[in-house]
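Here the structure is laid out as structure tokens; the discussion comes afterwards.
The values are calculated or read from the model by the stated rules, or taken from the named source; none is laboratory data. Just so you know, these numbers come straight off a predicted model, no measurement behind them. All Cβ positions, even for glycine, are placed from backbone atoms using ideal geometry, and neighbour counts span all protein chains on display.
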């Protein structure tokens, strides 16, 4: 008596999760859904430009897998006409926004976790529909980086290995000495080359902490080298890695 009554929260009733209908998994529906996600989560116009600027000012300075000039040029062209943005470009934009999210009180809030889960699902949908592209691969890389940074295990461990196969399917591998044979655009070719090095670094990081051995591809000797997307030159030992690397 004379005590405050405390009642435990009732257990949430189980709910059925939405199951994709194969007849609705069309490129048009996927593009429309992702475009709606960009508008609702990031915004349009100035907010979209600010989100891109934040990414290139922060994450891009130490993970230069995108060409800033090429991305901004595509962003300016595709946002002119609503409904014309490629689905893989919208996926990449959302992943860029995800990796810029900061923890709240040393934890990831539910909205960020929900965005992460939905993006992982979209990547699977792309794969299920037989679609793969450089933008999708770059989205995978950003998702893996997010998982590693926030200690999402075993997701990060699995993703790091999956990215290698995804790159191989695009013809991006250490066996391809010149990425220009895969992509005619020099900027896109350099993005592919830098993306492969990012995949390799992440895979080696995961193997360093998870196993005591290296696979054959992790021991492969590479003739290429990291090239700045800013000036096309190999950075010297004195080049600060925190310097933002703009594209050519």
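Descriptive notes on the structure:
For every residue, the table says whether it meets (1) in contact with a helix residue (DSSP H, G or I) (Cβ under 9 Å, 6 or more places away or on another chain); (2) under 16 Å from residue 96 (Cβ atoms); (3) modelled with pLDDT of 95 or more; (4) loosely packed, with under 15 Cβ neighbours inside 10 Å.
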residue: 129; (1), (2), (3), (4): yes, no, no, yes
residue: 134; (1), (2), (3), (4): yes, yes, yes, no
residue: 140; (1), (2), (3), (4): yes, yes, yes, no
residue: 143; (1), (2), (3), (4): yes, yes, yes, no
residue: 155; (1), (2), (3), (4): yes, no, no, no
residue: 163; (1), (2), (3), (4): yes, no, yes, no
residue: 170; (1), (2), (3), (4): yes, no, no, no
residue: 181; (1), (2), (3), (4): yes, no, no, yes
residue: 187; (1), (2), (3), (4): yes, no, no, no
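- Checked against (1) at pLDDT 95 or above; (2) in a helix (DSSP H, G or I), residue 112 passes all but condition (1).
- Looking across the range 28-39, just one residue is loosely packed, with under 12 Cβ neighbours inside 10 Å and more than 14 Å from residue 93 (Cα to Cα), and that is 28.
- Number of residues in the range 10-69 that are assigned to a loop (DSSP other than H, G, I, E, B), out of contact with any helix residue (DSSP H, G or I) (no Cβ under 9 Å at 6 or more places or on another chain) and free of Cβ contacts under 8 Å to residues at least 24 places away in the same chain: the value is 12.
- Filter result for residue 148 (at pLDDT below 95, part of a helix (DSSP H, G or I), at negative phi and touching a helix residue (DSSP H, G or I) at 6+ places or on another chain (Cβ under 6 Å)): yes
- Applying the condition of being part of a helix (DSSP H, G or I) and surrounded by fewer than 21 Cβ atoms within 10 Å (Cβ to Cβ) to the range 77-88 and asking which residue is modelled with the lowest pLDDT yields 78.
- Against the list (1) closer than 23 Å to residue 129 by Cβ; (2) modelled with pLDDT under 90; (3) in contact with a helix residue (DSSP H, G or I) (Cβ under 8 Å, 6 or more places away or on another chain), the condition residue 98 fails is (2).
- The lone criterion from (1) outside any helix (DSSP H, G or I); (2) crowded, with 16+ Cβ neighbours inside 10 Å left unmet by residue 74 is number (1).
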